[in-house]
Amino acid sequence: MKEYRKISLLFFLILIFIFTSASYASKIVEEGYFVFDADRMHLNLIKSQSDLTIDLISASGYEVYGPKGTQIWLNNLGVSFISLSEIQDRAAIDYMSPEAVNAELRRLEQTYPHLAKVVKIGQSVAGRDLLFIKISDHPEVDEVEPEFKYVGNMHGDEIANREVLLKFVEYMLSEYGKNDAITSLIDNTEIWIMPSMNPDGAASRRRGNQRWVDLNRDFPDFTSSENANAPENRAIETKAIMGFQSERNFALSANFHGGAVCINYPWDTTPARPPLLDFIIEISREYANKIPEMMNSSQFHGGITNGYDWYEVNGGMQDWSFYWHGDLQITVEMHGSKWPSYRKVEEYYKSHKNSLLSFIKRVHQGAGFYFDDRSLKGRVSIFKLEDMAGLGKQDIGNFSFKNGEFFKVLNPGQYELIIETSDKGKYHADIEVKASQVYDNGNYLKLDLEI
């Protein structure tokens, strides 16, 4: 018996060694389980394993993802858990295939050619097209307007938000010219919506992509030793988003998940608070307040949470978007079940429709400028004037711009912009930001006179 115990202990230690060796990538998520650990007895040990990903911590436990061997490791740890694939298989029917989703986007483009354009930004590992649909009154033209985006289904096994975004796209297009609020947004905003960032994961009903990479742990992380916005050694889907974002001027966005019901706001990767925190909390609450299930959450006060306060996420798209591109992004945890019955989709759509619409409107609460010379790039310093005389100033920050254009969401008030371009030009501008207003083509100043 003693010899058996020695062999078992040795086997367990070997497993731990193999599990934590460098040969395993921390973003690989071949297996997924819900661990029942209400007392958090095992949480710190599991967190210490660099090859494991913890997600969606709740009162009863949390999800754990990792490479092959995760189940054996959890068994030896002695925790109670259930395979997430068992849960998803019960509700797998009725959802569209990735091919059907892309066909629906093409159909909408053909039905509303004056309002919609499908743009391919790349392909998945399995060769499926990665598609955005652009909604605008001039979809073929790159206009100087505030740019907004929604991205869904980056975790393949979190599916219902993909269907909700498709329904929302059709709703906006069909209501143009009938609904004044929607018509105004489409006329004065460039709206980009990607229902599925991870079609291969959706097809296989798993979290990661075709190569098991967790895309929401795959983006550059500004708290890492690397600290570089570089696409090397990342999934092909991640690279596609990074390349697309680098060409655009997005100012506000959201990405969608399932497994909880809340709004998760930056930062995810550090306990430090982000710039514009009061504005971020305000728009997060505004989204949550329109959804009773979210607003009345027993886990998240008012239905919102700071990401890091919930659980740390390194390599997430939300933080990358805001830190590297100034594109303020929140995460919408839309549905408590990752793969709910398809019958629930209509319910989710109805409960989120008004929030989705009002959140797009928020991109107009900001200020920007543009040049006729679209090749110009540079830096802009933004100051909020504390009094009408301009004697008191709040330093908002110094930001980069490209493509001869800049726009940033801001709190209401008077602002001073000091711009320096790459060709040594210097410009000064004053601009006011108002709340609850959709500006004609956005609140931009045209700059052509140097200081």
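When a/c reaches 1.5 or more, the comparison of a/b and b/c decides; with that in mind, is segment 367-446 rounded, prolate or oblate per its Cα gyration tensor? Could the numbers behind the result be given before it?
Details: a/c = 2.23, a/b = 1.32, b/c = 1.69.
Note, shape of segment 367-446 comes out oblate.
Of all beta bridges DSSP finds with both residues in segment 98-364, what is the antiparallel percent, to the nearest 5? Present the calculation step by step, with values, prior to reporting the outcome.
On the way: 13 of 33 bridges.
Approximately 40 percent, going by the DSSP bridge assignments.
So for segment 367-446: antiparallel DSSP bridges make up what percent, rounded to the nearest 5?
90
Can you tell me the orientation of helix 2-19 relative to the chain, as the angle in degrees between its alpha-carbon axis and the longest Cα principal axis, to the nearest 10?
Roughly 20 degrees, rounded to the nearest 10.
At what distance in angstrom do the alpha carbon centres of segment 235-266 and segment 154-198 lie from each other?
Computed from Cα coordinates, the inter-centre distance equals 15 Å.
Rounded to the nearest 5, what % of DSSP beta bridges with both residues in the chain are antiparallel? Let's see the in-between values first.
Working: 56 of 79 bridges.
Roughly 70 percent of the beta bridges in the chain run antiparallel, per DSSP.
Give me K424, K384, K393 sorted ascending by neighbouring Cβ count inside 10 Å, so fewest comes first.
Values: K424 8, K384 17, K393 14.
Fewest-to-most ranking of K424, K384, K393: K424, K393, K384.
Using the alpha-carbon atoms, what tilt in degrees (0 to 90, nearest 10) does helix 277-289 show relative to the longest principal axis of the chain?
70
Starting with the fewest neighbours, write out F322, F406, F279 ranked by other beta-carbon atoms found within 10 Å of each beta-carbon.
Details: F322 23, F406 28, F279 18.
Fewest to most other Cβ atoms nearby, the residues stand as F279, F322, F406.
What's the FRET efficiency of S174 with R273 using the Cβ-Cβ distance as r and R₀ = 35 Å, to the nearest 0.05?
Working: r = 40 Å, r/R0 = 1.15.
Rounded to the nearest 0.05, the efficiency is 0.30.
Return one number: the angle in degrees, 0 to 90 and rounded to the nearest 10, between the long axis of the Cα atoms of helix 236-247 and the longest principal axis of the Cα atoms of the chain.
On a 0 to 90 degree scale, this one is about 10.
Could you pull out the trypsin sites (Lys or Arg not before Pro) across segment 109-152 that fall in loop regions by DSSP (anything but H, G, I, E, B) with no more than 13 other Cβ atoms inside 10 Å? Let's see the in-between values first.
Working: sites: K117, K120, R128, K134, K149; in loops: R128.
Nothing satisfies the criteria.
Would you please state which residues of segment 202-222 a label at S97 would reach in this model, taking the label point 7 Å out along Cα→Cβ and a backbone N cut-off of under 19 Å?
Counting only backbone N, you get 202-206, 210.
If I stretch the segment between N354 and K393 completely, what's the gain in nm (0.36 nm per residue apart, minus their alpha carbon distance), one decimal? All intermediate terms of the calculation are to be shown ahead of the outcome.
Details: separation 39, 0.36 × 39 = 14.04 nm, distance 3.58 nm.
Extra length available between N354 and K393 comes to 10.5 nm.
Read-outs throughout are calculated quantities, based only on the coordinates presented, and are distinct from any laboratory measurement. In this text the structure is predicted, and so the values were computed from the model without any measurement. So basically every Cβ, Gly included, is an ideal-geometry build from the backbone, and we count neighbours across all protein chains shown.
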